[in-house]
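Only one structure is covered here, and it is reproduced in the block below.
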Amino acid sequence: MIRYIISRLVIAFLLLLGLITLSFGLVSLLPGDPAVALLGEYATPADVARINAQLGLDLPFWERYLDYMGRTLRGDLGQSFFTGSPVAAEIWTRLPNTLVYLVPGLILALVIGMASGTFAAYKYGRFADKSFTAGVSVLMAMPEFVLALLLLFIFYQQLHLAPAPLGMLSSADIPPPKVTGAVPIDAVLAGKWDLVASILGRAALPIITMGLFFAAPFGKTVRTGLLQVLNSPQIEFARACGLRPAQVYRYALSDVRGSLMTYMVLLFAASLSGAAIIESVFSWPGVGGWSLDGVLKGDVPVIQGFVLIMGATSLLGYVILDALITLLDPRTRSNAVAGRKRPQRPETAAVSA
Amino acid sequence: MRAHGRSSPILTAFAAAVIIGLPLVALVLPLPHDPLRPDPDSIGIAPNLSHWFGTDENGMDVFARTLEAAKLDLPIALAATGLSLLVGVPLGLFATSGRAGEALMRIVDAFAALPIIVIAVVSIQLMGGGATDVVLAIAIVAAPRFVRLSRAAAVSLRSSRYVEAAVAIGCSPVRVAFNHILRNAYGVVLVQATLTAASALGAIAALNFLGVGVRPPQPTWGAMISDGFSMLIRGEWWAAAFPTAAMLLVIASLNIVAGAIENRIERVERAR
């Protein structure tokens, strides 16, 4: 088993190297001069040369590449061209702000998607199923920012239930004493529960936006997957044996578990990119809005750092997913434990019948 | 989406009418107001008989701007879809075997792991930020879908008798790919292209909403929604609501038409 996980980690590390190369190449190979972006259109050639030397941009391509690779692997993502603050530190203080709404939002999406998708599959072809399908179509036609605006209009403007989209802390909130630099963590460490509650209250609409937006495709996947399994011979057999509905459901679920988990990781990757939009609508001080700002200003280290962190997070998600799927599936588990190559999943799903 | 049952013909006809009609209306209809001229005397007016959709914070007519935006949004979405088709389909048709094909598919997989909006924003900013750059960025994001789809079609049709026959009589690989495989798989490609045009509209609007790829005062739906956001928060809903409604109408129409095409393909296949 350990050998299996190590082999996965080695592959992930190689992919990480590829990712670093990509984030380097993305910015280095495309046109656009950072020195000009920094100094403005009317910079003198001498100024441009000075800035280039300062940023190390006058070195040959390979030297810059190796230097970048080395620094990145040591965890140094460089300094912002504009503010001069270290990119890695900026990301670490802002990431908790993003996770405060991202993680509950995704959990909400999973709960809603799972419940409604299952319900629709059990009520196949009836009113509940038809309204579920219609609802999913409507939600999936809506871009994320439209959903956010709609929720804001209803819950803030019309019903006055939600706070204004003005960020994570209100002007009345006293920031907690600085320990880690990340406000939500510091608030918990200082035991300021009223502040935590205020942050969560402001996170409510971002959470609901995320939850609804991702519940639609997930629910659709749950419904499609369950429909296929519920008509399968092994479920018919389980029912014929007189198992209780809950047990039948458990068996049906274990058959679609793999594809659902794969879909969850895809959603996680997509949610990271949706963070930029959510944060710009709600003026949320997280990584998404910050990196978008960096991109718009042409702040190269910020762009590279963000692409790298997001890519690495998705990679980690895929590694964990692969390990979990292997561990949960008895057919692949024994092979993985023995350290052999993972076999292809057999074509016929109806093994137990 | 695998819709069960038949899609309603009235709904489909309505959706098709929207897709064909809206660009025509935007091109032909004389606009009641200049979409680019701010009027300081009429700022933030609610919809009335003179300004059908009201006016925005700069006193520009929302109705005129919503139609004017269609002239920019729809061609960009169409061009991006066309470009990703042109790039993705041939790549997918020929990536069925060999090392290069395998490598291509790994790259396509890697695309799924990247934050898409960020990639689009980065490439648009680095390329300069015009309408053509938006087309390129959306095409880069959408092309992998066509690669995957046409590759799947090529792999499944490769073992069919008529492809075998075409190869046996000495057709060139290009002719086999386009004349035999693509012609028997164009339905799914067409469905995917329609869905891609719909999601491209949403992505373009999201980018413009974030302030990427817009040239003010030229209106786009995303930029108009972004401008109307602060009015919406104050309760003046019209400046954001009408461009949103126009965009959602087109996206929903494209999705409905895609569903109808898919239904038709299924019926034809079942009849065989």
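The values are calculated or read from the model by the stated rules, or taken from the named source; none is laboratory data. Here the structure is a predicted model, which means the values were calculated and not measured. Positions of Cβ are generated from backbone atoms using ideal geometry, with glycine treated the same way; all protein chains shown enter the neighbour counts.
A few remarks follow.
- Counting the residues of the stretch A:105-132 that are within 14 Å of chain B (Cβ to nearest Cβ) and crowded, with 17+ Cβ neighbours inside 10 Å gives 5.
- Within the stretch A:39-158, helices (runs of 4 or more DSSP H) holding 1 or more residues that are modelled with pLDDT of 80 or more and small (Gly, Ala, Ser): A:61-73, A:87-122, A:127-140, A:144-152
- Applying the criterion of being touching a Gly at 6+ places or on another chain (Cβ under 7 Å) and more than 19 Å from A:Ala109 (Cα to Cα) to the residues of the stretch A:140-163, the residue that is nearest to the other protein chains (Cβ to nearest Cβ) is A:Gln157.
- Of the set (1) in contact (Cβ under 8 Å) with a residue 24 or more places away in the chain; (2) surrounded by fewer than 17 Cβ atoms within 10 Å (Cβ to Cβ); (3) of a type in the set (Val, Ile, Thr), all apply to A:Ile207 but (2).
- Within the stretch A:284-299, the residues that satisfy the criterion of being more than 15 Å from A:Leu95 (Cα to Cα) and more than 7 Å from chain B (Cβ to nearest Cβ) are A:Asp293, A:Gly294, A:Lys297, A:Asp299.
- Test: B:Ala168 is within 11 Å of chain A (Cβ to nearest Cβ) and either small (Gly, Ala, Ser) or out of contact with any helix residue (DSSP H, G or I) (no Cβ under 8 Å at 6 or more places or on another chain) (or both): no
- Any hit, the stretch B:189-210, residues being more than 10 Å from every other protein chain (Cβ to nearest Cβ), surrounded by fewer than 21 Cβ atoms within 10 Å (Cβ to Cβ) and over 18 Å from A:Met140 (Cβ atoms): yes
- B:Leu182 vs. criteria within 14 Å of another protein chain (Cβ to nearest Cβ), hydrophobic (A, V, I, L, M, F, W, C) and at negative phi: no
- Leading residue by the ranking (nearest to the chain's Cα centre (by Cα)) among those in the stretch A:206-250 that are of a type in the set (S, T, N, Q) and part of a helix (DSSP H, G or I): A:Thr209
- A:Gly219 vs. criteria crowded, with 24+ Cβ neighbours inside 10 Å and at pLDDT 80 or above: yes
- Residues of the stretch B:119-162 that turn out to be of a type in the set (Gly, Ala, Ser), in contact (Cβ under 8 Å) with a residue 60 or more places away in the chain and within 14 Å of chain A (Cβ to nearest Cβ), as a count: 4
- Whether a residue is under 29 Å from A:Leu139 (Cβ atoms) and of a type in the set (A, V, I, L, M) was assessed, and A:Leu73 does not pass this test.
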